[in-house]
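**Q** Provided herewith is a single structure, encoded as C-alpha coordinates, for subsequent inquiry.
The values are calculated or read from the model by the stated rules, or taken from the named source; none is laboratory data. Predicted, not measured: the structure shown is a model, and the values here were computed from it. Virtual Cβ from ideal backbone geometry, glycine too; neighbours counted across all protein chains shown. Just so you know, the surface numbers come from the protein's heavy atoms only, side chains and all, with ligands and any DNA or RNA stripped out. Shrake-Rupley method; radii C 1.70, N 1.55, O 1.52, S 1.80 Å.
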Amino acid sequence: MALSTNDMGSVGVKRSEKVESSEEKSPCVPGHTKSPTANDLTQEELDRQSCEQTLVSDFKQMKLEKEAQKNWDLFYKRNTTNFFKDRHWTTREFEELKACREFESQKLVLLEAGCGVGNCIFPLLEDDLNIFVYACDFSPRAVEFVRQNDLYCPERCCAFQCDLTKDDLMENVPTSSVDVVTLIFVLSGVHPDKMKLVLDNISKVLKPGGVVLFRDYGLHDHAMLRFKSGSRLGENFYVRQDGTRSYFFSKEFLAKLFEEAGFQSVTNDYILRETVNKKEGLCVPRVFLQSKFTKPGQPHT
(Lines give C-alpha, C1' and ligand atoms only; values in the text may rest on other atoms or scores of the structure.)
Protein backbone atom coordinates (compact mmCIF):
# COMPACT_ATOMS: atom_id res chain seq x y z
CA MET A 1 0.00 0.00 0.00
CA ALA A 2 1.20 3.39 -0.70
CA LEU A 3 0.52 5.47 1.40
CA SER A 4 3.33 9.79 2.70
CA THR A 5 4.81 15.90 3.62
CA ASN A 6 7.63 23.27 6.04
CA ASP A 7 4.20 23.93 7.11
CA MET A 8 1.67 21.42 5.73
CA GLY A 9 -0.70 24.12 4.64
CA SER A 10 1.54 25.08 1.74
CA VAL A 11 1.56 21.95 -0.41
CA GLY A 12 0.41 22.54 -3.97
CA VAL A 13 1.36 26.24 -4.15
CA LYS A 14 4.00 25.65 -6.79
CA ARG A 15 3.13 22.13 -7.86
CA SER A 16 0.43 19.57 -7.25
CA GLU A 17 1.08 16.16 -5.82
CA LYS A 18 -0.74 13.11 -7.07
CA VAL A 19 -2.07 11.39 -4.00
CA GLU A 20 -3.56 7.96 -3.56
CA SER A 21 -6.39 8.52 -5.99
CA SER A 22 -6.56 8.82 -9.74
CA GLU A 23 -9.08 11.62 -9.17
CA GLU A 24 -6.42 14.00 -7.85
CA LYS A 25 -5.45 16.50 -10.54
CA SER A 26 -3.87 19.95 -10.73
CA PRO A 27 -5.00 22.56 -8.18
CA CYS A 28 -7.95 24.81 -8.96
CA VAL A 29 -6.79 27.41 -6.48
CA PRO A 30 -3.22 27.85 -5.21
CA GLY A 31 -2.33 26.24 -1.92
CA HIS A 32 -4.69 24.85 0.62
CA THR A 33 -6.12 25.73 3.97
CA LYS A 34 -5.87 24.23 7.43
CA SER A 35 -9.23 23.85 9.07
CA PRO A 36 -10.53 22.60 12.43
CA THR A 37 -13.54 21.08 10.63
CA ALA A 38 -14.08 19.02 7.50
CA ASN A 39 -16.05 20.27 4.50
CA ASP A 40 -19.73 20.91 5.10
CA LEU A 41 -21.98 18.83 2.86
CA THR A 42 -24.70 20.22 0.64
CA GLN A 43 -28.25 19.07 1.29
CA GLU A 44 -28.05 16.91 -1.83
CA GLU A 45 -24.89 15.24 -0.52
CA LEU A 46 -26.45 14.75 2.91
CA ASP A 47 -29.52 13.13 1.33
CA ARG A 48 -27.37 10.83 -0.79
CA GLN A 49 -25.29 9.81 2.22
CA SER A 50 -28.38 9.01 4.26
CA CYS A 51 -29.76 6.86 1.43
CA GLU A 52 -26.60 4.80 1.10
CA GLN A 53 -26.66 3.00 4.44
CA THR A 54 -26.73 -0.56 3.07
CA LEU A 55 -23.46 -2.33 3.81
CA VAL A 56 -21.57 -4.82 1.68
CA SER A 57 -22.42 -8.34 2.84
CA ASP A 58 -20.40 -9.98 5.61
CA PHE A 59 -19.28 -12.68 3.17
CA LYS A 60 -17.87 -10.13 0.72
CA GLN A 61 -16.29 -8.15 3.56
CA MET A 62 -14.47 -11.26 4.78
CA LYS A 63 -13.37 -12.01 1.21
CA LEU A 64 -12.01 -8.47 0.80
CA GLU A 65 -10.08 -8.77 4.05
CA LYS A 66 -8.67 -12.15 3.07
CA GLU A 67 -7.67 -10.89 -0.39
CA ALA A 68 -6.42 -7.46 0.66
CA GLN A 69 -2.78 -8.20 -0.09
CA LYS A 70 -3.63 -9.80 -3.44
CA ASN A 71 -5.71 -6.77 -4.46
CA TRP A 72 -2.88 -4.35 -3.68
CA ASP A 73 -0.39 -6.58 -5.47
CA LEU A 74 -2.66 -6.58 -8.54
CA PHE A 75 -2.88 -2.79 -8.28
CA TYR A 76 0.91 -2.54 -8.61
CA LYS A 77 0.95 -5.16 -11.35
CA ARG A 78 -1.44 -3.02 -13.41
CA ASN A 79 0.12 0.35 -12.65
CA THR A 80 3.79 -0.60 -11.97
CA THR A 81 5.63 2.59 -10.94
CA ASN A 82 3.50 4.97 -13.00
CA PHE A 83 0.44 5.69 -10.83
CA PHE A 84 1.82 8.05 -8.17
CA LYS A 85 4.11 11.02 -8.66
CA ASP A 86 7.30 11.34 -6.62
CA ARG A 87 6.56 13.26 -3.44
CA HIS A 88 9.13 16.03 -3.60
CA TRP A 89 6.82 18.00 -1.28
CA THR A 90 7.48 15.79 1.72
CA THR A 91 10.26 17.81 3.36
CA ARG A 92 8.33 21.04 2.77
CA GLU A 93 5.24 19.66 4.44
CA PHE A 94 6.97 17.76 7.24
CA GLU A 95 9.59 20.14 8.57
CA GLU A 96 10.13 17.66 11.41
CA LEU A 97 12.28 15.61 9.04
CA LYS A 98 14.92 18.27 9.58
CA ALA A 99 13.81 20.00 12.78
CA CYS A 100 13.99 16.86 14.94
CA ARG A 101 17.79 16.73 14.63
CA GLU A 102 19.94 18.16 17.43
CA PHE A 103 22.59 19.10 14.87
CA GLU A 104 22.53 19.33 11.07
CA SER A 105 24.83 16.39 10.35
CA GLN A 106 22.98 14.04 12.70
CA LYS A 107 21.96 10.79 11.06
CA LEU A 108 18.17 10.46 10.95
CA VAL A 109 16.53 7.04 10.94
CA LEU A 110 13.12 6.96 9.27
CA LEU A 111 10.52 4.24 8.79
CA GLU A 112 8.15 4.68 5.89
CA ALA A 113 5.23 2.44 6.74
CA GLY A 114 3.55 1.68 3.43
CA CYS A 115 6.27 2.78 1.02
CA GLY A 116 4.54 1.77 -2.21
CA VAL A 117 7.08 1.89 -5.04
CA GLY A 118 9.26 4.50 -3.33
CA ASN A 119 7.68 7.79 -4.42
CA CYS A 120 8.46 9.28 -1.02
CA ILE A 121 11.70 7.59 0.03
CA PHE A 122 13.77 8.25 -3.09
CA PRO A 123 13.21 12.04 -3.12
CA LEU A 124 14.08 11.98 0.60
CA LEU A 125 17.28 10.01 0.05
CA GLU A 126 18.30 12.41 -2.73
CA ASP A 127 17.47 15.49 -0.66
CA ASP A 128 19.06 14.38 2.62
CA LEU A 129 22.38 12.54 2.68
CA ASN A 130 22.18 12.01 6.46
CA ILE A 131 19.18 9.76 6.47
CA PHE A 132 18.64 6.01 6.64
CA VAL A 133 15.25 4.68 5.61
CA TYR A 134 13.47 1.49 6.55
CA ALA A 135 10.71 1.02 3.98
CA CYS A 136 7.99 -1.62 4.12
CA ASP A 137 4.85 -2.37 2.18
CA PHE A 138 1.96 -4.83 2.21
CA SER A 139 2.58 -5.66 -1.46
CA PRO A 140 5.60 -7.86 -2.31
CA ARG A 141 5.47 -6.48 -5.85
CA ALA A 142 5.74 -2.89 -4.61
CA VAL A 143 8.77 -3.79 -2.46
CA GLU A 144 10.43 -5.43 -5.45
CA PHE A 145 9.92 -2.23 -7.48
CA VAL A 146 11.68 -0.31 -4.69
CA ARG A 147 14.63 -2.71 -4.69
CA GLN A 148 14.92 -2.50 -8.49
CA ASN A 149 15.09 1.31 -8.49
CA ASP A 150 18.48 2.65 -9.61
CA LEU A 151 18.55 4.87 -6.50
CA TYR A 152 18.12 1.95 -4.11
CA CYS A 153 21.23 1.51 -1.99
CA PRO A 154 21.31 -1.08 0.84
CA GLU A 155 23.72 1.14 2.78
CA ARG A 156 21.03 3.81 3.02
CA CYS A 157 17.75 1.94 2.70
CA CYS A 158 16.27 -1.37 3.78
CA ALA A 159 13.06 -2.37 2.00
CA PHE A 160 11.00 -5.36 3.11
CA GLN A 161 7.50 -6.79 2.79
CA CYS A 162 5.33 -6.46 5.89
CA ASP A 163 1.70 -6.75 6.91
CA LEU A 164 1.71 -4.08 9.60
CA THR A 165 -1.34 -5.61 11.26
CA LYS A 166 0.40 -8.90 12.09
CA ASP A 167 4.09 -9.01 11.03
CA ASP A 168 6.45 -7.85 13.79
CA LEU A 169 8.45 -4.87 12.57
CA MET A 170 11.24 -5.81 14.98
CA GLU A 171 12.15 -8.70 12.68
CA ASN A 172 13.62 -6.06 10.33
CA VAL A 173 13.93 -2.90 12.45
CA PRO A 174 15.71 -2.74 15.82
CA THR A 175 13.53 -1.86 18.79
CA SER A 176 13.36 1.86 19.67
CA SER A 177 15.74 2.76 16.81
CA VAL A 178 13.57 4.98 14.59
CA ASP A 179 13.42 8.79 14.89
CA VAL A 180 10.48 9.40 12.55
CA VAL A 181 7.70 7.23 11.14
CA THR A 182 5.70 8.37 8.12
CA LEU A 183 2.15 7.09 7.64
CA ILE A 184 1.18 8.69 4.35
CA PHE A 185 -2.04 7.48 2.69
CA VAL A 186 -1.53 4.08 4.32
CA LEU A 187 -3.78 3.66 7.33
CA SER A 188 -6.88 4.37 5.22
CA GLY A 189 -6.34 1.05 3.46
CA VAL A 190 -6.44 -0.92 6.73
CA HIS A 191 -9.65 -2.23 8.27
CA PRO A 192 -10.59 0.13 11.15
CA ASP A 193 -10.63 -2.81 13.59
CA LYS A 194 -6.95 -3.43 12.84
CA MET A 195 -5.62 0.13 12.78
CA LYS A 196 -4.50 0.04 16.41
CA LEU A 197 -2.44 -3.08 15.64
CA VAL A 198 -0.49 -0.99 13.12
CA LEU A 199 0.18 1.75 15.67
CA ASP A 200 1.21 -0.76 18.35
CA ASN A 201 3.64 -2.31 15.88
CA ILE A 202 5.11 1.06 14.94
CA SER A 203 5.47 2.08 18.57
CA LYS A 204 7.84 -0.82 19.26
CA VAL A 205 10.49 0.47 16.84
CA LEU A 206 10.00 4.21 17.46
CA LYS A 207 12.32 5.87 19.95
CA PRO A 208 10.86 7.54 23.06
CA GLY A 209 10.24 11.11 21.95
CA GLY A 210 10.02 9.95 18.34
CA VAL A 211 7.48 11.34 15.88
CA VAL A 212 4.77 9.87 13.68
CA LEU A 213 3.88 12.04 10.68
CA PHE A 214 0.45 11.26 9.29
CA ARG A 215 -1.41 12.30 6.17
CA ASP A 216 -4.48 10.60 4.75
CA TYR A 217 -8.01 11.05 3.45
CA GLY A 218 -10.26 13.25 5.55
CA LEU A 219 -13.96 13.06 6.25
CA HIS A 220 -16.15 14.29 3.35
CA ASP A 221 -13.32 14.22 0.84
CA HIS A 222 -14.60 14.23 -2.73
CA ALA A 223 -13.43 10.66 -3.22
CA MET A 224 -15.68 9.59 -0.34
CA LEU A 225 -18.72 11.32 -1.81
CA ARG A 226 -18.19 9.70 -5.22
CA PHE A 227 -18.64 6.13 -4.02
CA LYS A 228 -21.76 4.56 -5.46
CA SER A 229 -24.33 2.42 -3.70
CA GLY A 230 -22.97 -1.00 -2.85
CA SER A 231 -19.50 0.27 -1.93
CA ARG A 232 -20.00 0.95 1.77
CA LEU A 233 -18.22 -1.39 4.18
CA GLY A 234 -18.90 0.55 7.38
CA GLU A 235 -18.88 4.05 8.82
CA ASN A 236 -16.59 6.14 6.58
CA PHE A 237 -15.18 2.92 5.07
CA TYR A 238 -15.58 1.97 1.38
CA VAL A 239 -14.34 -0.45 -1.26
CA ARG A 240 -13.12 0.61 -4.70
CA GLN A 241 -13.89 -1.29 -7.89
CA ASP A 242 -10.46 -2.95 -7.82
CA GLY A 243 -11.08 -4.38 -4.35
CA THR A 244 -8.77 -2.00 -2.48
CA ARG A 245 -10.41 -0.22 0.44
CA SER A 246 -10.34 3.31 1.83
CA TYR A 247 -11.26 4.82 5.17
CA PHE A 248 -11.94 8.55 5.57
CA PHE A 249 -10.72 9.96 8.87
CA SER A 250 -12.30 12.42 11.26
CA LYS A 251 -9.98 14.30 13.61
CA GLU A 252 -11.75 12.82 16.60
CA PHE A 253 -11.41 9.22 15.41
CA LEU A 254 -7.72 9.63 14.61
CA ALA A 255 -6.88 11.37 17.90
CA LYS A 256 -8.63 8.64 19.90
CA LEU A 257 -6.92 5.91 17.88
CA PHE A 258 -3.43 7.27 18.55
CA GLU A 259 -4.23 8.06 22.18
CA GLU A 260 -5.35 4.47 22.80
CA ALA A 261 -2.03 3.31 21.31
CA GLY A 262 -0.12 5.47 23.79
CA PHE A 263 0.78 8.42 21.56
CA GLN A 264 0.38 12.12 22.28
CA SER A 265 -1.16 14.51 19.75
CA VAL A 266 0.89 17.53 18.64
CA THR A 267 -1.06 18.71 15.60
CA ASN A 268 -4.20 17.33 13.98
CA ASP A 269 -5.75 19.43 11.20
CA TYR A 270 -7.89 19.04 8.13
CA ILE A 271 -6.28 20.27 4.92
CA LEU A 272 -8.86 21.69 2.53
CA ARG A 273 -8.09 22.30 -1.12
CA GLU A 274 -9.80 22.30 -4.49
CA THR A 275 -8.57 20.40 -7.52
CA VAL A 276 -9.62 20.17 -11.12
CA ASN A 277 -10.83 16.88 -12.52
CA LYS A 278 -9.97 17.57 -16.15
CA LYS A 279 -11.73 14.47 -17.40
CA GLU A 280 -15.08 15.66 -16.07
CA GLY A 281 -14.37 19.39 -16.13
CA LEU A 282 -15.05 19.77 -12.41
CA CYS A 283 -13.42 21.70 -9.61
CA VAL A 284 -13.87 19.48 -6.59
CA PRO A 285 -13.16 19.77 -2.85
CA ARG A 286 -10.43 17.58 -1.41
CA VAL A 287 -10.10 16.97 2.32
CA PHE A 288 -6.99 15.47 3.86
CA LEU A 289 -6.10 14.99 7.50
CA GLN A 290 -2.56 15.94 8.43
CA SER A 291 -1.29 15.20 11.89
CA LYS A 292 1.74 14.73 14.11
CA PHE A 293 1.95 12.44 17.12
CA THR A 294 4.79 11.67 19.50
CA LYS A 295 5.75 8.66 21.56
CA PRO A 296 6.05 9.75 25.22
CA GLY A 297 9.48 9.75 26.83
CA GLN A 298 12.81 11.44 26.37
CA PRO A 299 14.74 10.77 23.16
CA HIS A 300 17.93 8.75 23.52
CA THR A 301 21.15 10.77 23.51
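**Q** Above 25 angstrom, tally the Cα pairs of region 118-258 and express them as a % of all pairs, no decimals.
**A** Cα-Cα pairs of region 118-258 separated by over 25 Å account for 33 percent.
**Q** Something else: Which whole-number percent gives the relative contact order of region 145-301, counting Cα pairs below 8 Å spaced six or more residues apart?
**A** Relative contact order, region 145-301: 25 percent.
**Q** Pull out the extension gain between residue 193 and residue 70, defined as 0.36 nm times the separation in residues minus the alpha carbon to alpha carbon distance; nm, one decimal. Write out the running numbers ahead of the final one.
**A** On the way: separation 123, 0.36 × 123 = 44.28 nm, distance 1.97 nm.
In short, 42.3 nm is gained.
**Q** Arrange the peptides 106-119, 170-183 so that the one whose residues have, on average, the most other Cβ atoms within 10 Å appears first.
**A** Highest mean packing first, the order is 106-119, 170-183.
**Q** Which whole-Hz ³J(HN,Hα) couplings does region 250-256 yield from phi under the Karplus relation 6.51 cos²θ - 1.76 cosθ + 1.60, θ = phi - 60°, glycine and proline marked x?
**A** Karplus-based 3J(HN,Hα) across region 250-256 equals 8, 4, 5, 4, 5, 4, 5 Hz.
**Q** Same structure, new question: Within 10 Å, count the other beta carbons around each residue, average over each peptide in 186-192, 260-266, 58-64, and list them highest first.
**A** Highest-to-lowest ranking by the protection proxy: 186-192, 260-266, 58-64.
**Q** Mind listing the phi-derived Karplus ³J(HN,Hα) values for region 278-287, rounded to whole Hz, using 6.51, -1.76 and 1.60 with θ = phi - 60°, and x for any glycine or proline?
**A** Couplings: 5, 4, 9, x, 10, 9, 10, x, 10, 10 Hz.
**Q** A further question on this structure: May I ask you to evaluate 6.51 cos²θ - 1.76 cosθ + 1.60, the Karplus curve with θ = phi - 60°, for each residue of region 233-247 and list the ³J(HN,Hα) values in order in whole Hz, giving x for glycine and proline?
**A** Running phi through 6.51 cos²θ - 1.76 cosθ + 1.60 with θ = phi - 60° gives 9, x, 4, 6, 10, 9, 10, 7, 5, 8, x, 6, 10, 8, 9 Hz.
**Q** Another question, then. For the cross-link pairs 166/292; 107/196; 204/295; 107/166; 63/228; 251/278, which exceed 18 Å when the distance is taken from alpha carbon to alpha carbon?
**A** As for pairs spanning more than 18 Å Cα to Cα, those are 166/292; 107/196; 107/166; 63/228; 251/278.
**Q** Given H placed on each backbone N at 1.01 Å, which residues far from residue 249 in sequence or on other chains put an amide H within less than 5 Å of it?
**A** 217, 218, 219
**Q** Next question. Taking amide H positions as placed in the peptide plane 1.01 Å from N, state which residues far from residue 134 in sequence (5 or more) or on other chains have amide H under 5 Å from it.
**A** Amide H to amide H, under 5 Å and 5 or more residues apart or across chains, residue 134 pairs with 110, 111, 112, 158.
**Q** Ranked highest first by average number of other Cβ atoms within 10 Å, how do 208-216, 237-245 line up? Before the final figure, lay out the partial values.
**A** Details: 208-216: 22.9, 237-245: 17.0.
In decreasing order of mean packing, 208-216, 237-245 become 208-216, 237-245.
**Q** Now, a different point. At 1.4 Å probe size, with the rest of the protein present, what percent of the exposed accessible area of region 188-301 is carbon and sulfur atoms?
**A** 49
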